[in-house]
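The values are calculated or read from the model by the stated rules, or taken from the named source; none is laboratory data. This one's a predicted model, so the numbers in the text were calculated from it and none came from an experiment. Cβ atoms come from the backbone with ideal geometry, glycine included; neighbour counts cover every protein chain shown. The accessibility values were calculated without ligands, DNA or RNA, using every heavy atom of the protein model including side chains. Shrake-Rupley method; radii C 1.70, N 1.55, O 1.52, S 1.80 Å.
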Amino acid sequence: MPDPPADGRVPPPSVPESAVAEAAPEGSPSAAVGMGHDVLDRVLRGPSGLGTSGLRLVPSAEAPHSPTAVPGLYHHPVAEPDPVRVAEVSRRIKDWAVHEVELYPPEWEDQFDGFALGRYMVACHPDAPTVDHLMLATRLMAAENALDDCYCEDHGGSPVGLGGRLLLAHTALDPLHTTREHQAPWAQSLFSDAPRRAYRSAMDYFVRAASASQADRYRHDMARLHLGYLAEAAWAQTEYMPEVWEYLAMRQFNNFRPCPTITDTVGGYELPADLHARPAMQRVIALASNATTIVNDLYSYTKELDSPGVHLNLPVVIADREKCDAREAYLKAIEIHNELMRDFEAEAAGLAAACPAPQVIRFLRGVAAWVDGNHHWHQTNTYRYTLPDFW
């Protein structure tokens, strides 16, 4: 198969004519790869392998009752996650958090429960073969959230000195290789605070289940995440309001990417490193991760407005830089999300047609399932999120 162009886009001729059931609307991202919506659905959300019935698109008429989604937001409803798995994952993650890593003090218990990690991860990984596989993602998510809260956000976080804290925490994922004299104090430091204890433990479970390539991929994406944290912290310290494109660049790093990138490990298979590294695959993962992060901006908008100081999110940045009111800025952010989502789906469908290896198809479906499950969690988590009164 010839390499894709340098920009990572898969050219239209790579899509077999037999795969096109209907023409996409002229000018839409799907039209760029010559695919109709039914083909997109079949490529990205069709059943494939153990437990993948949850990857199917749920028609709107059959969608489970849930709180209202952001009006105008392009998304796919999903079936309610398996309650048996949700209960078991919820039980196990709380046991791990309380007894293995002492992740939070008793007064934060309601917040931990309200995060609903079990529902979140079961919704995002419908093809996980076992609860043990689901727990790989759930521990990592809990650890990432603890670090964000304790180092950056609500529970003692600060931009001051963040770089040093992040670097030392990152060594729980990417171990220090040093002299014997200095190895012992570093190893002891991994138990010194909740984020490092959680990172160390979650990564230990993960590397035992993942290949060396998958583990290194995750470390790389966590380094990206930490770089994004540092950019946002630097802007906070200098009171800089980024341009919209600068904010989106920061969010390409400070985003959910480490979560969908492990979809194959959680699914019990491996996307080979050479296929993962292809520019077209990297573009698909980036678009999916960027879209899911704007979902977070939109659903957490009112919560962040109630926080002390200026909390950067896409509607806030648009309102400041484009001199528009809050409602118009929020609606513009929705359109940015929708364009990212449609580009993700078009690029993923084109890549699947150009490189129809089973691992590629399953990985793309896994990423699409993560995107849909992530929206479902945001939409239904009324403990954390309420929508602004713009409609």
Just how much of LYS303 is accessible, in Å², when a 1.4 Å probe is used and the result is rounded to the nearest 10? 80
Please state the relative contact order of region 177-256 as a whole percent: Cα pairs under 8 Å, 6+ residues apart? 24
Two decimals, Cα atoms only, Kirkwood Rh: what is Rg/Rh over region 283-353? 1.08
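Counting other Cβ atoms within 10 Å, which chymotrypsin sites (Phe, Trp or Tyr not before Pro) in region 152-232 have at most 14 and lie in a DSSP loop?
Filter output for region 152-232: PHE191.
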Relative contact order of region 66-160, please, whole-number percent, based on alpha carbon pairs below 8 angstrom and at least 6 residues apart. 28
How much of the accessible area of region 245-391, in percent, comes from carbon and sulfur atoms when a 1.4 Å probe is used? 54
Computed over region 241-282, the convex hull of the Cα set has an average projected area, in nm², of 3.6
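Could you give the Stokes-Einstein D for region 236-388 in µm² per second, using the C-alpha Kirkwood radius, 10 °C, 1.306 mPa s?
Answer, rounded: 96 µm²/s.
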Here, trypsin sites (Lys or Arg not before Pro) of region 196-267 satisfying both criteria (DSSP loop; at most 13 other Cβ within 10 Å) are none
Would you list, by chain and number, the lysines whose Cα falls below 27 Å from the Cα of LYS332, excluding same-chain residues fewer than 8 positions away? LYS303, LYS323
Could you please state, rounded to a whole Å, how far the C-alpha centre of region 176-222 is from the C-alpha centre of region 317-391? 31
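Over all alpha-carbon pairs in region 88-164, figure out the percentage whose distance exceeds 22 Å. Don't skip to the answer; put the middle values down first.
Details: 804 of 2926 pairs.
That tail contains 27 percent of the Cα-Cα pairs.
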Counting only protein heavy atoms and rolling a 1.4 Å probe, one gets per residue an accessible area for region 322-391 in Å² of 37
Sites ASP325 and GLN188, calculated FRET efficiency, Cβ-Cβ separation with R0 51 Å, nearest 0.05: 0.45
Assuming a ≥ b ≥ c are the square roots of the Cα gyration tensor eigenvalues, decide whether region 115-210 counts as rounded (a/c under 1.5), prolate (otherwise, with a/b larger than b/c) or oblate. oblate
Sorted by mean Cβ packing within 10 Å, highest first, what order do the peptides 230-240, 355-365 take? 355-365, 230-240
In vacuo Debye scattering of region 307-385, one point per C-alpha: log10 I(q)/I(0) at q = 0.11, 0.14 Å⁻¹? -0.46, -0.68
